[in-house]
1. If we keep just the residues of the range 403-413 that are surrounded by fewer than 20 Cβ atoms within 10 Å (Cβ to Cβ) and in contact (Cβ under 8 Å) with a residue 60 or more places away in the chain, which is nearest to the ligand (Cβ to nearest atom)?
2. Can you tell me how many residues in the range 373-388 are open to solvent by less than 60 Å² (accessible area, probe 1.4 Å), closer than 30 Å to ASN35 by Cα and out of contact with any Ser or Thr (no Cβ under 6 Å at 6 or more places or on another chain)?
3. Of the numbered conditions (1) buried (at least 20 other Cβ atoms within 10 Å of the Cβ); (2) outside any loop (DSSP other than H, G, I, E, B); (3) not acidic (Asp, Glu), PRO332 satisfies every one except a single condition; which is it?
4. Sort out which residues of the range 389-412 are among the hydrophobic types (A, V, I, L, M, F, W, C), touching an Asp or Glu at 6+ places or on another chain (Cβ under 9 Å) and assigned to a helix (DSSP H, G or I), and write them in order of number.
5. Can you name every residue in the range 256-265 that is among the small types (Gly, Ala, Ser) and near the ligand (Cβ under 8 Å from one of its atoms)?
6. Output the residue which, of all residues in the range 316-325 that are closer than 19 Å to GLU107 by Cα and touching a residue at least 12 places away in the same chain (Cβ under 8 Å), is most open to solvent (accessible area, probe 1.4 Å).
7. Output the number of the condition that ALA164 fails; it satisfies all remaining conditions of (1) closer than 27 Å to ILE86 by Cα; (2) buried (at least 20 other Cβ atoms within 10 Å of the Cβ); (3) touching a residue at least 60 places away in the same chain (Cβ under 8 Å).
8. Having 1 or more residues that are surrounded by 21 or more Cβ atoms within 10 Å (Cβ to Cβ) and near the ligand (Cβ under 8 Å from one of its atoms) is the bar; report the helices (runs of 4 or more DSSP H) wholly within the range 172-255 that clear it.
Amino acid sequence: MPAMKDMVNGVPRYRHFINGQWTDSTVKEWIEVENPATGAVIATVPKGGADDADRALVAAAAAQPAWEALPPIERAKLLIGLSRLILENRDRLARLVVAEQGKPLTEARGEIEGTALYLTYAAEEARRITGDIIPSDNTDEQVWIQRVAHGVAVGLTAWNYPAALTTRKMGPALLAGNTIVIKSHEGTPLSAFEIAQLSTQLDFPPGVINVVSGTGEGLGAALVKHPIPRLITLTGSVRAGKEIFRSAADDLKILRLELGGKAPFIVAEDADIGAAVKAAIASRFENCGQICICNERMYVHERVADEFTEKFVRAVKALKVGDPLTMVDVGPKFSGPELDKVERMVKAATSAGAKVLTGGNRLTEGEFARGHWFEPTVLTAVDNRMPIMQDEVFGPVIPLMTVTDFDEGLRLANESRYGLSAYVFTKDMRRLMRLVRELKFGEIYVNRPGGDAVHAHHAGLRHSGIGGEDGKYGLDAYFQKKTIYVNFA
Ligand code: NAD
């Protein structure tokens, strides 16, 4: 059988993983995968097309009935096996994530632990795939509701967590008895291929896991349009979510859309300022600001604004930017177009009157001559209607506004089309209860930095998505329900 990859001109060239085999694409075009820190091409992958989508989905469909017929605990054992192999390869996989995505190595190690955890969490649910038995209105009749798989799922993932997002979809999908075709973002396809490679050491039936590579508008769109998959689960941009929504409408496919965010960070006048500064830094600059739940805009009460701003800017200036394989706080932006977008947004904000408190520019000298680098940046004198306060930056840039009271902070936080996460620092119980009631966000962090739990629920409101992942509600999305009426008179 062909290998996962061959060396071509000194660079590894990967194949698709379809039906348990490493398979050449019928399209003889390749995508170059770039290291964001150096700009070097580290691999090439197939730029798959409609034919590849068809082969992967046909394989997944053929494998699905027997996979669903297995007792869930047997499926779970395979997920636990894969989780173990991922942890055994933790360092190698973490370095691969750094190479294709650019986050600092310590964070990449954390990502790989999360990658394993999504599988073990799903596996733990194997003995809890329960339904309901309900009384019938008729004599000698039994009624029950049973959870069954959708069939074939397609998982489309974003570039910011290429390994973890793969298993966040794969774990619950497979545990529920679906088979899956994964297409990672075209810039970060390697982690998913390596996870597929690890799966070949276990007894997964061919076709249960399929991993293919290609662009969103090419292969991604072909996977969504294909008649086989019933469930499409996307983690990505609002733009892609809307396109997929439209294109899935013809077949009335079931969608889970985990999209972008624009998290507000509210600092009340009674906040613990030291803790708020620390959390605001972590929640903005981790992964170079490229997390859907990142702190994207700050509202600080005027009574504590001077103290907060002084301490926050000092902490931002102390952040170490550099080679993500060394001990740094902030690595490169993921890609050239992403870097251009951040620069454009900062320039537009300053042209409209925003003031730069620190940073504001690309880094281009010395060790930053290659790759995609931007200075950690704090902006002030912003207005809530500016694009920098309304559009997702997804980079190391944070605008800060002073507010006159808690109500203004709440109001401005809600003035957004996004609704994924929000942060609040206050010790006041009445304020806490008000924000639980009034903030229109799916995930609210009070007096702490971000970081969602595998057994909670990660769901965006408004334009941040439809559905939600993790925990019992996330798993439930991978099932459909059948109701059975049995008359035994
Ligand atoms: P993206 O939308 O460009 O791509 C996401 C995936 O969808 C990729 O695999 C891409 O190839 C595919 N795709 C794009 N257009 C498609 C189409 N028309 N049809 C089918 N597939 C298509 O997003 P990105 O730039 O990779 O990711 C960044 C975004 O993801 C940010 O907005 C971020 O907030 C969001 N995100 C959300 C979550 C969450 O859980 N809510 C988590 C991580 C990232």
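The values are calculated or read from the model by the stated rules, or taken from the named source; none is laboratory data. These figures come from a predicted structure and were not determined experimentally. Using ideal geometry, Cβ is built from the backbone for each residue, glycine included, and neighbour counts are taken over all protein chains shown. All accessible areas refer to the heavy atoms of the entire protein, side chains included, with ligands and DNA or RNA removed. Shrake-Rupley method; radii C 1.70, N 1.55, O 1.52, S 1.80 Å.
1. Step one: list which residues in the range 403-413 are surrounded by fewer than 20 Cβ atoms within 10 Å (Cβ to Cβ), which gives 404-405, 407-408, 411-412.
When the remaining residues are screened for being in contact (Cβ under 8 Å) with a residue 60 or more places away in the chain, the result is 404-405, 408, 412.
On the way: THR404: 30, ASP405: 30, GLU408: 26, LEU412: 20 Å.
Applying the filter and picking the extreme gives LEU412.
2. Keep residues of the range 373-388 that are open to solvent by less than 60 Å² (accessible area, probe 1.4 Å), which gives 373-384, 386, 388.
Applying the additional criterion that residues be closer than 30 Å to ASN35 by Cα yields 373-379, 388.
Filter again for out of contact with any Ser or Thr (no Cβ under 6 Å at 6 or more places or on another chain), leaving 373-377, 379, 388.
Residues that pass the stated criteria total 7.
3. (2)
4. MET389, PHE406, LEU410
5. Narrowing the range 256-265 to residues among the small types (Gly, Ala, Ser): 260-261, 263.
GLY260, GLY261 - these are the residues of the range 256-265 that are among the small types (Gly, Ala, Ser) and near the ligand (Cβ under 8 Å from one of its atoms).
6. Just the residues of the range 316-325 that are closer than 19 Å to GLU107 by Cα, to begin with: 316, 318-325.
Then keep just the ones that are touching a residue at least 12 places away in the same chain (Cβ under 8 Å); that gives 316, 319, 321-325.
On the way: VAL316: 4, LEU319: 31, VAL321: 23, GLY322: 2, ASP323: 63, PRO324: 3, LEU325: 87 Å².
Looking at residues that are closer than 19 Å to GLU107 by Cα and touching a residue at least 12 places away in the same chain (Cβ under 8 Å), I get LEU325.
7. In the conditions (1) closer than 27 Å to ILE86 by Cα; (2) buried (at least 20 other Cβ atoms within 10 Å of the Cβ); (3) touching a residue at least 60 places away in the same chain (Cβ under 8 Å), ALA164 misses (3) alone.
8. Working: elements: 190-199, 221-225, 238-249.
Where helices (runs of 4 or more DSSP H) fall fully within the range 172-255 and carry at least 1 residues being surrounded by 21 or more Cβ atoms within 10 Å (Cβ to Cβ) and near the ligand (Cβ under 8 Å from one of its atoms), they are 221-225, 238-249.
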